[in-house]
2 protein chains.
Amino acid sequence: MGRDEARSRRVTRADVARAAGVSTAVVSYVMNGGPRPVAPETAARVRAAMDDLGYRPNHAARTLNLGTTRTIGLVLQDTLNPYFAEFAGEIDRAARERGFGVLTAESHGDRDAERRLLSDLSDRQVDALLLASSGPPTTEPAVANPRDPTTVLLDCAGPVAGHHTIGPDAASGARAAVAHLAQVHGRRRIGMVIGPDGLASPDPRLAGWRSETEARGVTPGALAVDDWSNAGGYRAARRLLDTGALPDALFVGSDAQAIGVLRALLEAGIDIPRACPVVSFDGTGAGDFTWPALTSARQPVREMADLALALVAHPDPDPRHHAFPVDLVIRESCGCPLAPPVATPIDS
Amino acid sequence: MGRDEARSRRVTRADVARAAGVSTAVVSYVMNGGPRPVAPETAARVRAAMDDLGYRPNHAARTLNLGTTRTIGLVLQDTLNPYFAEFAGEIDRAARERGFGVLTAESHGDRDAERRLLSDLSDRQVDALLLASSGPPTTEPAVANPRDPTTVLLDCAGPVAGHHTIGPDAASGARAAVAHLAQVHGRRRIGMVIGPDGLASPDPRLAGWRSETEARGVTPGALAVDDWSNAGGYRAARRLLDTGALPDALFVGSDAQAIGVLRALLEAGIDIPRACPVVSFDGTGAGDFTWPALTSARQPVREMADLALALVAHPDPDPRHHAFPVDLVIRESCGCPLAPPVATPIDS
DNA sequence: GTGAAAGCGCTAACAC
DNA sequence: GTGTTAGCGCTTTCAC
């Protein structure tokens with residue numbers, strides 16, 4: 001049905017078969033290493049014909065037959081956020097290592113957009129869906145149809161019925177951060193900046209902050225909620241400053257926000273860490289280059305991505321929650337003494 | 001060939017046809033609005049049957065037939081770089097607006113990896129390839145096969161035979177940056193930090209810096225080359241500091257590097273902008289939250305992404321280069337007086 | 001306005 | 001060890 005003009009029809013498995021003087025089945029056997037054996041010389045001939053003709057298998061045809069695309073869908077909220085950016089990078093790596101392609105989409109924290117993206121990716125027949133959901137898992141499953149691709153929920157606080165879930169042990173991370181501020185740095189009034197409805201409701205970081213302040217007998221300082229972004233953190237901190245509610249230390253729920261918080265405090269002339277140490281959550285590499293460098297509870301993003309892809313490759317029959325430990329990376333913003341900079345100050 | 005267990009075979013167009021009491025052709029006509037007309041009542045019946053059965057078209061089958069996936073491939077170097085991150089975000093938006101999916105991959109600046117990714121995406125039958133190449137376009141076309149998908153080269157300095165190319169007018173941007181430093185801020189020795197082999201060889205930013213310093217009779221200060229990353233910028237600046245080569249102003253080739261540069265200078269106790277103003281290139285939103293905020297030559301990323309997708313949707317028969325103007329966004333790092341911060345300093 | 005049927009390129013069961 | 005062939009689910013030409 002000559003939809004292709006005669007000039008340069010794409011070369012198909014039939015062309016290869018003809019050139020190698022074998023049947024198309026044999027070409028398949030060679031390509032897939034099975035399911036039937038092929039004589040070495042035949043295989044060689046086939047292979048020769050293949051790269052002679054520059055044969056490239058038709059992915060769609062293969063998909064149609066096998067029902068698998070070797071592709072995963074990845075839905076994140078916002079890749080400008082360094083945590084999601086790093087996560088996306090690790091997913092990309094982990095996926096390619098296993099021969100998967102990655103169809104990405106950003107929800108920008110919009111639940112409806114998220115639903116649309118999910119269903120679009122599902123229509124594109126991805127083998128699995130990795131989703132860092134916007135908002136807490138509701139009673140309705142994140143993905144509607146039971147015949148939909150297996151879904152792995154990332155950045156997830158706890159188990160969600162019927163889904164694989166991966167997330168940091170955020171409550172512990174938060175407690176460690178607060179404990180550090182209270183214990184090591186002797187702070188008595190520790191406030192918090194966080195985003196709306198994070199991993200769960202209430203967000204475990206919030207819960208961790210509450211319980212740890214209580215456990216240590218320190219005052220939970222002001223709480224400021226704003227977007228999970230640089231700007232959100234900035235606004236939240238500004239609000240604290242403008243209302244005179246700045247506590248004597250701040251735990252910030254994400255590195256993205258912490259970047260904005262630092263900026264707001266610096267702008268207001270607050271001395272960090274002396275006047276107000278800041279510890280955040282995520283522990284991304286971005287925190288190495290802020291001023292001051294961010295002390296932050298690090299999520300093992302690489303390991304999480306590897307697990308996500310392992311789950312995709314060998315779908316565990318009964319989904320469960322996988323919590324990852326979080327460890328505090330000490331940099332400058334908490335006030336810990338560090339190895340003195342090697343820098344040689346130079347006046348120009 | 002019961003590859004699907006009986007329990008819940010996916011519903012196909014044949015099921016819909018049966019349910020609606022029509023032929024499969026009619027279902028197609030309804031779905032695609034053609035190519036043949038369908039009686040309104042028939043169409044209604046079909047549509048009813050479709051969402052009755054929860055019918056979802058099989059993307060692979062459609063692709064096999066039509067030869068189009070409604071998917072583009074996007075290959076970037078490193079999405080931790082705020083410029084690429086913003087670009088990726090805009091591409092995602094522009095693509096979805098036009099009903100395209102986006103298969104992403106990161107090359108991390110590795111030419112071989114890039115080639116592999118390109119050929120993988122091509123095998124996955126993307127309709128087009130958007131590529132921010134690692135290194136300057138060589139004589140060999142970025143994509144080998146003539147039957148390969150149309151390719152749009154992003155972040156590209158100039159025309160490349162046989163390809164659509166999009167890029168900033170980087171030389172002008174560089175000149176504007178240097179001119180600003182020289183003219184407005186009276187700097188006489190302007191150095192530069194840049195990455196290896198950028199858009200072209202030599203990088204137009206480098207060329208712009210050279211020509212503009214010359215034109216204004218100022219000294220081109222030290223040149224430091226390192227990775228296109230935070231760490232690269234940091235190392236470059238450290239080298240300048242350690243060798244006593246810090247000039248009295250710095251033009252940095254990317255926001256990603258500038259973040260590292262600021263960090264290194266601050267660490268060394270350099271007063272920015274007084275002792276050493278910094279102007280960078282890209283103008284990403286990240287520069288709003290650095291300390292000090294980055295003055296930077298902004299690339300119109302959104303418009304570039306829209307053009308890229310327009311080219312994908314209506315492939316211009318004769319590819320050409322599209323240069324976009326770049327404008328200096330004045331923030332703090334150059335030393336321009338700004339509206340004073342509204343902040344109310346608060347001592348805790 | 002509707003239907004039958006021929007592919008799109010590949011896989012794998014089955015025959016030899 | 002190799003070949004034949006029936007699909008996978010969709011689109012579209014061509015007959016009616």
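The values are calculated or read from the model by the stated rules, or taken from the named source; none is laboratory data. Keep in mind that what you see is a predicted model, and the values were worked out from it rather than measured. Counting neighbours? That spans all protein chains shown, and the Cβs are built from the backbone with ideal geometry, glycine included.
In contact with a helix residue (DSSP H, G or I) (Cβ under 8 Å, 6 or more places away or on another chain), among the hydrophobic types (A, V, I, L, M, F, W, C), more than 18 Å from B:Gly89 (Cα to Cα) and touching a residue at least 40 places away in the same chain (Cβ under 8 Å), is that true of B:Phe289? No: the conditions fail for B:Phe289. Among the residues examined, B:Leu265 does not qualify as within 12 Å of chain A (Cβ to nearest Cβ), within 29 Å of A:Ala249 (Cα to Cα), within 26 Å of the chain's Cα centre (by Cα) and modelled with pLDDT of 95 or more. Hey, any hits in the range A:52-64 for a residue that's more than 30 Å from B:Pro57 (Cβ to Cβ) and either surrounded by 13 or more Cβ atoms within 10 Å (Cβ to Cβ) or more than 9 Å from chain B (Cβ to nearest Cβ) (or both)? Yes, the conditions are met somewhere in the range A:52-64. Exactly one residue out of A:Ala224, A:Ala286, A:Ala305 is crowded, with 18+ Cβ neighbours inside 10 Å and within 12 Å of chain B (Cβ to nearest Cβ), and it is A:Ala286. Looking only at residues in the range B:10-38 that are in contact with a helix residue (DSSP H, G or I) (Cβ under 9 Å, 6 or more places away or on another chain) and of a type in the set (D, E, K, R), the one that is farthest from DNA strand D (Cβ to nearest atom) is B:Arg18.
Out of B:Asp271, B:Asp255, one residue alone is charged (D, E, K, R), more than 7 Å from chain A (Cβ to nearest Cβ) and buried (at least 20 other Cβ atoms within 10 Å of the Cβ). It is B:Asp255. From the list A:Ala236, A:Ala161, the lone residue that is under 29 Å from the mean Cα position of the chain (by Cα) and surrounded by fewer than 17 Cβ atoms within 10 Å (Cβ to Cβ) is A:Ala161. Checked against (1) without any contact (Cβ under 8 Å) to a residue 40 or more places away in the chain; (2) facing another protein chain (nearest Cβ under 9 Å), A:Arg70 meets all criteria but (1).
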